[in-house]
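What follows is a single structure, written as structure tokens, with notes after it.
Every number in this text was worked out from the coordinates using simple rules, so none of it is lab data. Everything quoted here is computed from the prediction, not taken from an experiment. Note that each Cβ is placed from the backbone with ideal geometry, even for glycine, and that neighbours are counted across all protein chains shown.
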Amino acid sequence: GGRSPEPSEKQTGELREAVLKTGCILGLATDGDADRFGVIDSNGEFIQPNQLIAILADYLAESRGWTLGVARSVATSHFIDRVAKFRGLTLYETPVGFKFIGELINKDEIILGGEESAGLSIRGHYPEKDGILACLLAAEAVAARGKSLTEQISDLEAKVGKLESARIGVKLNDEVSAKLKEKLAQEPTEIGGRKIENINRMDGVKFIFEDGSWMLMRPSGTEPMVRIYAEAEDREILEVLLEQGRQYLLG
């Protein structure tokens, strides 16, 4: 159809229409090689990968009784961190790239690992992201719990709190590109008046603020662009963080 074959919210419009038209409980999609997932709930809502990863971590801990850790990439929502804390599980943070999560699966140290780019796998399974598995687990969680994914998200947020996350891409001109390495090596104490509590350089530069919100700046390896990821408890704060990140890079 002339579109990117990724199961993102933008690309799953036909699936959403089919779910609503036929009254389906779920709409399930993968990309061409089936390593990434896209899920539409019964109400037509696209379930963000960050949300499904957290739901399935909670579901596996509850249904299987597994007590190992959970893992996420540095760019992935801290929603799963809160699930881990609620369930008494160890949280592992990895660089971007599923091979790092796969190593933890191989060592049998986690029950589930996921990335915000719609990849996940679980204990005892192939140590690479599997979109078909993710879709099957989503269906199982809905069937076993007798609740839609939207309802399960609401239940989970009532227990651990709500988080809003998003990312943008900032294209760089030659002048900014030349100064990028120096810019990202700086150690600011605040951004946009928001005090920085910690700086994580595992993969890119991740600024963690006093209120628990965060912003990650990660240069692309293939084009003059920096991807900015951010998360906060409030959508308006999230939008401000993303814009402040853009200004910080270009300023």
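Can you run down the residue pairs with Cβ atoms below 6 Å, 6 or more apart or on separate chains, where the first is in region 214-232 and surrounded by fewer than 19 Cβ atoms within 10 Å (Cβ to Cβ) and the partner is in a loop (DSSP other than H, G, I, E, B)?
Listed by first residue and then by second, the contacts come to Pro224/Leu172.
When the residues of region 68-91 are narrowed to those that are without any contact (Cβ under 8 Å) to a residue 40 or more places away in the chain and farther than 20 Å from Ala232 by Cα, which ends up surrounded by the most Cβ atoms within 10 Å (Cβ to Cβ)?
For region 68-91, the residue satisfying everything is Leu89.
Looking at Ala185 and the list (1) surrounded by fewer than 16 Cβ atoms within 10 Å (Cβ to Cβ); (2) under 29 Å from Glu6 (Cβ atoms); (3) free of Cβ contacts under 8 Å to residues at least 24 places away in the same chain, which single condition is not satisfied?
It is condition (2) that Ala185 fails.
Mind counting the residues in region 103-131 that are buried (at least 17 other Cβ atoms within 10 Å of the Cβ) and at positive phi?
1
Do we find that Ser121 is part of a loop (DSSP other than H, G, I, E, B) and under 16 Å from the mean Cα position of the chain (by Cα) in this structure?
So Ser121 fails the test.
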